[in-house]
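Peer 1: Questions regarding the structure given below will be posed in turn.
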Amino acid sequence: MTTTNVPANAPVRGRRSPLASAALHLTLLVASVIAVFPVLWVLLTSLKPASYATTTDFVKETTLENYTKLLEDTEFLTWFGNSLLVAGLTTVLGVFVAATTGYAVSRFRFPGKRGLMWTLLITQMFPVAVLIVPIYNIMSNLGLLNEPAGLVITYLTIAVPFCAWMMKGFFDTIPREIDESGQVDGLTPFGTFWRLILPLAKPGIAVTAFYSFITAWGEVAYASAFMVGDENLTLAGGLQKFVNQYGAQWGPMTAASVLIAIPAAIVFLFAQRHLVTGVSAGAVKG
């Protein structure tokens, strides 16, 4: 029987050297600082009085004055409510339309199917600067300017094509035998989709909901062009009130930025456990 002598100081496969481990941790630390620094800067600036807004004295004379002025002296709560309404409707309708479209394209054959999928893909290639004028004219002719419905429809044109493609890929990973079992039990195609397929598609639904919400919550160009008047503005348009040709009100603007980030963070926390699964599953098939 042959015995192989392994030197005590020989490197073990799969184990990093101390130098590589230190380099990895240093890289992660630097990346974390870069990611957190802008958010921390905004948070600390929102807690400073106006006289120190552009300085690095972050803990000097800490105050909540920016938040109280924002809530009491501006229409921030109105803007916040408008954004919640628009983002909420966009999320609900976006999930429903994207899921039903993705399921139909995944499961059924019909004339124009390939053309529909190419249309959904091509619409993602146009930048906002190209689309904003024609969409503005369409909304004007329909009487939807300065109306939440106009923004919801506009945001759906952004969110639904991408989400429908992703949901189609996700539904392709669900065995067709499940649909066949629903048909055997007497379910209609929509009944099969609603009762059997949709519960299995939670990761994809989570990604679709998150993307639709973020699309509507953080969009600026359409919101600024389509909505006027303090009572109709969303948060994107309202924040522009703090910037003029002479300067910017950094205190209220950073306070508003912190409050705006809270709903997005909440939605992310609810969806984050499904995000990786949903994105990777949706990318399996195109």
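The values are calculated or read from the model by the stated rules, or taken from the named source; none is laboratory data. The shown structure was predicted, so the numbers you read here are calculated from the model rather than taken from an experiment. Here the Cβ is made from the backbone with ideal geometry for all residues, glycine too, and neighbour counts use every protein chain on show. In case anyone asks, the SASA skips ligands and DNA or RNA and just uses the protein heavy atoms, side chains included. Shrake-Rupley method; radii C 1.70, N 1.55, O 1.52, S 1.80 Å.
Peer 1: Using 1/(1 + (r/R0)^6) with R0 = 30 angstrom and r between the beta carbons of F96 and V220, what's the FRET efficiency to the nearest 0.05?
Peer 2: Efficiency, rounded to the nearest 0.05: 0.70.
Peer 1: When all protein chains stay in place, what accessible area (Å², nearest 10, 1.4 Å probe) is found for F162?
Peer 2: 90
Peer 1: What figure, in Å² to the nearest 10, do you get for the accessible area of I138 with a 1.4 Å probe and non-protein molecules left out?
Peer 2: Answer for I138: close to 90 Å² accessible.
Peer 1: What is the percent carbon and sulfur in the accessible area of segment 117-196, measuring with a 1.4 Å probe over the protein chains and ignoring ligands? Walk me through the numbers on the way to the answer.
Peer 2: Working: 3070 of 4510 Å².
Looking at segment 117-196 in its full context, I get 68 percent from C and S.
Peer 1: Taking only protein heavy atoms into account and a 1.4 Å probe, give the accessible area per residue of segment 67-196 in Å².
Peer 2: For segment 67-196, the solvent-accessible area averages 55 Å² per residue.
Peer 1: Order K48, K202, K69, K168 by their accessible area, 1.4 angstrom probe, all chains in place, largest first.
Peer 2: Values: K48 0, K202 120, K69 95, K168 30 Å².
From most exposed to least exposed: K202, K69, K168, K48.
Peer 1: Stretched out fully, how many nm does the piece from V243 to F108 gain, at 0.36 nm a residue minus the Cα gap?
Peer 2: Full extension of this stretch gives 43.5 nm more.
Peer 1: In square angstrom, rounded to the nearest 10, how much accessible surface does M227 have for a 1.4 Å probe?
Peer 2: For M227, the solvent-accessible surface is approximately 10 Å².
Peer 1: Okay, moving on. Working out 0.36 nm times the residue gap between E177 and D57, then minus their Cα-Cα distance, what length gain in nm do you get to one decimal?
Peer 2: Separation in residues times 0.36 nm, less the Cα-Cα distance, equals 36.8 nm.
Peer 1: Related question: Take V207, V42 and sort them by solvent-accessible surface of the protein heavy atoms, 1.4 Å probe, largest at the top.
Peer 2: The ranking, largest first, comes out as V42, V207.
Peer 1: Please give the peptides 257-265, 209-217 ranked by average Cβ packing (other Cβ atoms within 10 Å per residue), highest first, as a rough proxy for protection.
Peer 2: 209-217, 257-265
Peer 1: Right, here's the next one. Once the Cβ-Cβ distance between E147 and L77 is put in as r, and R0 is 25 Å, what FRET efficiency do you end up with, to the nearest 0.05?
Peer 2: 0.80
Peer 1: Which value in Å does the Kirkwood hydrodynamic radius of segment 126-215 take, with 1/r averaged over all unlike C-alpha pairs and then inverted?
Peer 2: After inverting the pairwise mean of 1/r, the radius is 15.5 Å.
Peer 1: Fully extended, how many nm does the chain gain between F270 and F37 (0.36 nm per residue separation, minus their Cα-Cα distance)?
Peer 2: Here the answer is 81.5 nm.
Peer 1: May I pose another question? When the helix-only estimate is applied to the chain (DSSP H runs of n ≥ 4, each -39,500 (n - 2.57), divided by the residue count), what is the mean residue ellipticity at 222 nm, nearest 500 deg cm²/dmol?
Peer 2: -22500 deg cm²/dmol
Peer 1: Among the lysines, which have Cα under 24 Å from the Cα of K168 when same-chain residues fewer than 8 positions away are ignored?
Peer 2: K113, K202, K285
Peer 1: Any lysines with Cα under 18 Å of the K69 Cα? List them, leaving off those in the same chain fewer than 8 positions away.
Peer 2: Leaving aside lysines fewer than 8 places away in the same chain, those within reach of K69 are K48, K241.
Peer 1: Would you mind pulling out the separation of the Cα centroids of segment 161-188 and segment 121-141, in Å?
Peer 2: Taking the Cα centre of segment 121-141 as reference, the centre of segment 161-188 is 31 Å away.
Peer 1: I want to check the label-to-label distance for W118 and S17. Put each point 7 Å from Cα in the C-beta direction and report it in nm to one decimal.
Peer 2: 5.5
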